[in-house]
Amino acid sequence: MAEHVAHGGVPASEGYSNLLRELLPGAQVDICYPGDPTAVLPEGQSLEGYDGVAITGSSLHIYNGGPEVSRQIELVRALLATGTPAFGSCWGLQIITVAAGGSVRRNPKGREIGFGRSIRLNEAGRKHPMYAGKREIFNAPTVHLDEVEMIAPGMTVLASNEVSDVQGAEIRTKGSTAWGVQYHPEYPMRELAVIVRRIGTRLISEGFFTNVKDVEEYAKELDTLDKDPDDKRLAWRNGISKNVLDKKLRTLEVSNWIEFQVLPMRVKRGRG
């Protein structure tokens, strides 16, 4: 997190919180860091005290194990028993999958970086409320090395592409319904630019860029598109369509989760 901020980025939790407040004005959003040894929920709160829980991305790898991973799995298992709706981006999808009984692996096809290309909704996805208003085939901001290997019981795959068979999914347990995506609908272009700069050396070694100058040129183009989404030249050259550049379209999965999961739970629990 400190490295990301040092490169000019916003912590994932802060960026996600800002988006949730924007999509649901007046929402109270608390942040928890369950990977930390001293992590606790805000005083006086329980998982049932929330109308929804969003799980951000992470630089951790589930298959590496360790207490910082197991603590998060345990928290998500507890969450899934409460009925509280959950939404996960990237790591969020992966940790929900494992907590529900599935598995995650390092993607044998390698890293997906920048944009997930040609993500396609299957029949279940086309009918699913998470994708209400979404095009059948779309691109999305992404950065990940890992993917869902074995789906969990009660898990329905909603979207796939050539890099990962599970790009979107619903996970139903006895207690809760969770939605998850392997990409990052919450990421603006400037956050992708920060990530590209931060892990640029790795991306060069993986063959995405030839040198540091190449990395910086791409990052600058992302920064420009963040400031001017109507820059047709850069959008065309990078194959970035309206479903990414238009914030409302890009974040539809999160806003649909709020509409179809969080707000009904708020009413059910007598808070709305």
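The values are calculated or read from the model by the stated rules, or taken from the named source; none is laboratory data. Predicted model, so just to flag it, every value in this text is computed and none were measured. No Cβ is skipped: glycine too gets one built from the backbone with ideal geometry, and neighbour counts run over all protein chains shown.
Taking region 77-99 as the range and being crowded, with 21+ Cβ neighbours inside 10 Å and over 17 Å from the mean Cα position of the chain (by Cα) as the test, the residues that pass are Leu79, Leu80, Thr84.
Taking Glu191 as the residue in question, decide whether it is in a loop (DSSP other than H, G, I, E, B), farther than 23 Å from Arg105 by Cα and at pLDDT 95 or above.
Details: in a loop (DSSP other than H, G, I, E, B): no; farther than 23 Å from Arg105 by Cα: yes; at pLDDT 95 or above: yes.
The answer is no for Glu191.
Is region 179-187 home to any residue that is among the β-branched types (Val, Ile, Thr) and surrounded by 20 or more Cβ atoms within 10 Å (Cβ to Cβ)? First the steps, then the outcome.
Start the filter on region 179-187 by keeping residues that are among the β-branched types (Val, Ile, Thr), which leaves 181.
Cutting the leftovers down to surrounded by 20 or more Cβ atoms within 10 Å (Cβ to Cβ) gives us 181.
Yes, there is a match, as at least one residue in region 179-187 is among the β-branched types (Val, Ile, Thr) and surrounded by 20 or more Cβ atoms within 10 Å (Cβ to Cβ).
How many residues does region 242-272 contain that are in a loop (DSSP other than H, G, I, E, B) and either of a type in the set (A, V, I, L, M) or within 19 Å of the chain's Cα centre (by Cα) (or both)?
Going through region 242-272 one residue at a time, the tally reaches 2.
Quick one: would you say Ala2 is free of Cβ contacts under 8 Å to residues at least 40 places away in the same chain and in contact with a Lys or Arg (Cβ under 7 Å, 6 or more places away or on another chain)? Walk me through it before giving the result.
Details: free of Cβ contacts under 8 Å to residues at least 40 places away in the same chain: yes; in contact with a Lys or Arg (Cβ under 7 Å, 6 or more places away or on another chain): no.
No; evaluated as a whole, the condition is false for this residue.
One residue alone among Ala169, Ala140, Ala159 is touching a strand residue (DSSP E or B) at 6+ places or on another chain (Cβ under 8 Å), in a strand (DSSP E or B), more than 19 Å from Leu20 (Cα to Cα) and in contact (Cβ under 8 Å) with a residue 60 or more places away in the chain, and that residue is Ala169.
Matching residues to (1) within 27 Å of Ala193 (Cα to Cα); (2) hydroxyl-bearing (Ser, Thr, Tyr):
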| site | (1), (2) |
| --- | --- |
| Lys109 | yes, no |
| Phe115 | yes, no |
| Ile119 | yes, no |
| Arg126 | no, no |
| Tyr131 | yes, yes |
| Ile137 | yes, no |
| Thr142 | yes, yes |
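Taking every residue in region 120-133 that is in contact (Cβ under 8 Å) with a residue 24 or more places away in the chain and pairing it with any residue that is of a type in the set (Phe, Trp, Tyr), at least 6 positions away or on another chain, the pairs with Cβ-Cβ distances below 7 Å are Leu121/Tyr131; Gly125/Tyr131; Pro129/Phe260; Met130/Trp179; Met130/Trp257.
Quick one: which residue in Tyr33, Tyr63 is surrounded by fewer than 17 Cβ atoms within 10 Å (Cβ to Cβ), at pLDDT 95 or above and hydroxyl-bearing (Ser, Thr, Tyr)? Before you say what the answer is, go through the steps one by one.
On the way: Tyr33 fails: at pLDDT 95 or above.
Every option except Tyr63 fails the conditions.
The rows are residues; the columns are (1) in a loop (DSSP other than H, G, I, E, B); (2) under 29 Å from Asn107 (Cβ atoms).
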| position | (1), (2) |
| --- | --- |
| His4 | no, yes |
| Gly8 | yes, yes |
| Gly15 | no, yes |
| Leu41 | yes, no |
| Gln45 | yes, no |
| Leu60 | yes, yes |
| Val69 | no, yes |
| Gln72 | no, yes |
| Gly83 | yes, no |
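Checked against the criterion of being touching a Lys or Arg at 6+ places or on another chain (Cβ under 7 Å) and in contact (Cβ under 8 Å) with a residue 12 or more places away in the chain, the candidates Ala99, Ala81, Ala86 yield just one match: Ala99.
Give me the residue from region 101-137 that is acidic (Asp, Glu) and either assigned to a strand (DSSP E or B) or in contact with a helix residue (DSSP H, G or I) (Cβ under 7 Å, 6 or more places away or on another chain) (or both) and, out of that set, surrounded by the fewest Cβ atoms within 10 Å (Cβ to Cβ).
Glu136
Check region 18-30 and report whether any residue there is outside any loop (DSSP other than H, G, I, E, B), within 20 Å of the chain's Cα centre (by Cα) and over 29 Å from Leu158 (Cα atoms). Working first, answer last.
The initial filter retains those residues of region 18-30 that are outside any loop (DSSP other than H, G, I, E, B), namely 18-23.
Now drop any that are not within 20 Å of the chain's Cα centre (by Cα), which leaves 18-23.
Then keep just the ones that are over 29 Å from Leu158 (Cα atoms); that gives none.
Looking through region 18-30, none of the residues is outside any loop (DSSP other than H, G, I, E, B), within 20 Å of the chain's Cα centre (by Cα) and over 29 Å from Leu158 (Cα atoms).
Restricting region 222-254 to residues that are touching a Lys or Arg at 6+ places or on another chain (Cβ under 8 Å) and buried (at least 20 other Cβ atoms within 10 Å of the Cβ), which is nearest to Phe138 (Cα to Cα)? Going through the qualifying residues, I end up with Val244.
For region 33-56, the tally of residues that are closer than 19 Å to Gly83 by Cα and either touching a helix residue (DSSP H, G or I) at 6+ places or on another chain (Cβ under 8 Å) or of a type in the set (A, V, I, L, M, F, W, C) (or both) stands at 7.
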